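Okay, structure first, notes after.
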Amino acid sequence: MTLARSPVLDPLTDRTLPYRMGQPGGRLLAGRPPRLGAEPLRDHAARLGPLPLGDPRRVLEELERSGLTGRGGGGFPVARKLAAARAAASAGCAHHVPHVVVNASESEPASVKDRTLCTLRPHLVLDGAAVAAAIAGANRVVVYAHRGTDRAIEALRLAVAERRAAGLPDPAWLVGVGPARYVSGEASAAASWLEGGEAKPRALRLPLAVGGIAGRPTVVHNVETMAHVALIVRFGADWWRQAGTMASPGSRLVTVHRGGPRGAELLEMVAPLTVGTLLTPPAPEDRDDGGRSPSSYEPGAVLIGGYAGRWAAADAVEGVPFTSDALAAVGLAPGCGVVAPLPKEACGVAAMATLAQWLAAESAGQCGPCLFGLADVAEGLQRLTERVSSRREVRNLRLLLGDIRGKGACHHPDGVVGMVESGLDVFADDVDRHARRRPCGATADLPAWPFPAPEEAWR
Amino acid sequence: MTARLRIDRTRCAGHGICVLFAGRTIDLDAWGFPEVLEETIEPHALPAVRRAITSCPRQALSLEEPPSPAGRRGTP
Ligand SMILES: Cc1cc2nc3c(=O)[nH]c(=O)nc-3n(C[C@H](O)[C@H](O)[C@H](O)COP(=O)(O)O)c2cc1C
Ligand code: SF4
Ligand code: SF4
């Protein structure tokens, strides 16, 4: 397996990262080399041709046939969401013009795929959004981003200006920048922000696609999802399904953390790769930095799907393809496509505690079990880390986790519960040693995962 | 006919008043927030549940009468 070598500018820091841009024939990230930055409209149109906006019903059928699922974490079938919005819009009165929201928040700190996609291929994202708008019957699209992803926001704004100047038959575009909070990327939080409220999740009576912003059908899709739509309408579902597997079709953007000071690498996975392959560092000569940066460590466990994903023992997932069906068979999910290994020599309890503490502080503080429960979980793990806990406390911690599940207005607490529950199993030995107040023998530090300080504002 | 008790957790402040009225249907969790014991409310429990709903100071409770084709929360 060969991987294309092309350095990418980290949209956050402007440093060059040893991103591997997927296998040859990458799709979303095909085209000009990443170091050249955003693909201008002219090049985009020359490379992919015009966007065929035919009969929306036909396009919807094609999307259905593609089997595309959302890439924002939930993995919901795209055609079903769009069909629900379309049906709700046509059932309502003329004032029920639907909303289409492109979710560019990428609130998951460990993921770089969305900001990189927006930075490098903004027109692919906007093309997909134009298609979604045509299907839903919306005449306006809001691209919702988070503060701090400046390069992505700038690329999107420039792309919008280019499209306006070119007079494309587009919906009206609006690029909105909301707070850089984890839960603000949740779909109902985005809807709340777009209504002028705080970017906090809401308790929904109806699905957003039926009654979202101001009661109107509201489609919220991740930027990667939109980019796939742009390719499906151009080249067809059959072509699109040649990537991936039958049960998990299409290519997928994956952010791999492999230690070393350079942080994350972004890959576009066209043929399915196993978690082990994803974690194998490229040969020194294939690295953009010529192999100068420390390449990797031997993983003992892997966090799959993001900070609120699930832990798995490295030897148990090494051979598992990173596809939704193969991961589901071992109780995992691709989530937003993050693969974050923990070195064998690092302490799993400390890793869980650090993650839980950050995630607990990111609660929107609206729902009791989320606000108080996650804080208790973080504290329990902290006590365990400091070896002032006990096996009884660990048993109680498990009970607390069961009490929290399903008790939030959004799925934030469920994600944290899944991360900790899986961690308690995967790191059972570390947990037991800590609970007996014995040293766990860890010699390595935790990886330098990003933990951005929470923003105060919710607007 | 079966109904479901819905709790808007962004509203609920954990006063626990609901439990005083509908203790058979609602319990309090480790943090003093309500937990629905029975997924569907049997007809004989409905009057108590209705009293709990009207007594909740935050109007966090509601009855979800079927059919609700839309699914409960989150997606799509
Ligand atoms: C706590 C939380 C945070 C989320 N953050 C994001 C995010 O930053 N970006 C995103 O696209 N989806 C995020 N989601 C998922 C969205 O709610 C929603 O499912 C998604 O944007 C839908 O797009 P898709 O169908 O294209 O995946 C989050 C969900 C939760 C529960
Ligand atoms: S579950 Fe937590 S994050 Fe979600 S709405 Fe409630 S308080 Fe906010
Ligand atoms: S009475 Fe209302 S606010 Fe109080 S615990 Fe019950 S549902 Fe929550």
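The values are calculated or read from the model by the stated rules, or taken from the named source; none is laboratory data. The structure displayed is predicted, hence computed values, not measured ones. Virtual Cβ from ideal backbone geometry, glycine too; neighbours counted across all protein chains shown. Heavy atoms of the whole protein, side chains included, go into the accessibility calculation; ligands, DNA and RNA do not. Shrake-Rupley method; radii C 1.70, N 1.55, O 1.52, S 1.80 Å.
Given R₀ = 56 Å, what would the calculated FRET efficiency be for B:SER55 paired with A:ARG398, taking r from the Cβ atoms and rounding to 0.05?
Calculated value: 0.95.
Please report the orientation-averaged projected area of chain A, defined via the convex hull of its C-alpha atoms, in nm².
Directional mean of the projected Cα hull area for chain A stands at 20.3 nm².
How large, in percent, is the carbon and sulfur part of the accessible surface of the protein assembly as shown at a probe radius of 1.4 Å?
Carbon and sulfur together cover 52 percent of it.
Can you give the accessible area per residue of the protein assembly as shown, in Å², using a 1.4 Å probe?
I get 40 Å² per residue for this part.
Just need log10 I(q)/I(0) for the range B:1-52 at q = 0.20 Å⁻¹, Debye formula, equal scatterers on the alpha-carbon atoms, no solvent, rounded to two decimals.
-0.64
Which lysines have a Cα less than 23 Å from the Cα of A:LYS81, not counting those fewer than 8 places away in the same chain?
A:LYS113, A:LYS200
If you place +1 on the Cβ of every Lys and Arg and -1 on the Cβ of every Asp and Glu, how big does the dipole about the Cα centre of the range A:338-459 come out, in debye to the nearest 20?
Here the range A:338-459 has a charge dipole of around 480 debye.
Please find the FRET efficiency linking A:VAL388 to A:ASP429, where r is the Cβ-Cβ separation and R0 is fixed at 22 Å, and quote it to the nearest 0.05.
Once the sixth-power term is evaluated, E becomes 0.70.
Taking 7 Å along the Cα-to-C-beta vector as the label spot, tell me the A:ALA172-A:LEU446 distance in nanometres, rounded to one decimal.
4.6
Across bins of 10 angstrom width beginning at 0, how are the C-alpha pair distances of the range A:347-442 distributed, in whole percent?
Result, from short to long distances: 18, 53, 24, 4 percent.
Given a 1.4 Å probe and heavy atoms of the protein chains only, how would you sort B:ILE17, B:ILE41, largest accessible area at the top?
B:ILE17, B:ILE41
Find how many whole Å separate the alpha carbon centroid of the range A:189-242 from the alpha carbon centroid of the range A:59-111.
Each part's Cα centre sits 4 Å from the other's.
Compute the Rg/Rh shape ratio of the range A:34-240: radius of gyration over Kirkwood radius, all on alpha-carbon atoms.
0.94
Rank A:VAL330, A:ALA84, A:VAL388 by how far each Cα sits towards the positive end of the charge dipole of chain A (+1 on Lys, Arg Cβ; -1 on Asp, Glu Cβ) and give me just the farthest.
Selected residue: A:ALA84.
So how much accessible surface do A and B hide from each other in total, probe 1.4 Å, in square angstrom to the nearest 100?
Buried area (both sides, nearest 100 Å²): 2000 Å².
How far apart, in nanometres, would the label points at A:ARG47 and A:GLN242 be if each is projected 7 angstrom from Cα along the Cα-to-Cβ direction?
1.8
At a 10 angstrom cut-off on C-beta neighbours, averaged per residue, how do the peptides A:266-272, B:54-60 rank from highest to lowest?
Result, highest mean first: A:266-272, B:54-60.
Once you wrap a convex hull around the alpha carbon atoms of the range A:121-228, what is its projected area averaged over all directions, in nm²?
6.6
Considering only DSSP beta bridges where both residues belong to the range A:34-240, give the percentage that are antiparallel (nearest 5).
5
Would you mind giving the mean number of other chain beta-carbons within 10 Å of the Cβ of each residue in A:407-413, as a whole number?
Per residue, the number of nearby Cβ atoms from other chains is 4 on average.
Find out how many positive minus negative residues lie around A:HIS96, taking Lys and Arg as positive, Asp and Glu as negative, among other residues whose Cβ is under 15 Å from that of A:HIS96.
+3
For chain A, build the charge dipole from Cβ charges (+1 Lys, Arg; -1 Asp, Glu) around the Cα centre, then report which of A:VAL210, A:ALA375, A:GLY305 sits farthest towards its positive end.
In chain A, that residue is A:VAL210.
Under unit Cβ charges (Lys, Arg +1; Asp, Glu -1), what dipole magnitude, rounded to 20 debye, does chain A have relative to its Cα centre?
Result for chain A is approximately 600 debye, rounded to the nearest 20.
How big is D for the range A:69-162, in µm² s⁻¹ as a whole number, if Stokes-Einstein is applied with the Kirkwood radius of its Cα pairs at 10 °C and 1.306 mPa s?
112
Only counting protein heavy atoms at a 1.4 Å probe, give the residues of the range A:197-244, ordered by number, whose accessible area falls by 20 Å² or more when the other protein chains are present relative to the chain alone.
Buried by the other chains: A:ALA203, A:LEU204, A:ARG205, A:PRO207.
So for chain A: antiparallel DSSP bridges make up what percent, rounded to the nearest 5?
DSSP beta bridges in chain A are roughly 50 percent antiparallel.
Rounded to the nearest 0.05, what FRET efficiency do A:LEU158 and A:THR277 give with R0 = 35 Å and r taken as the Cβ-Cβ distance? Could you check?
The formula returns an efficiency of 0.45 here.
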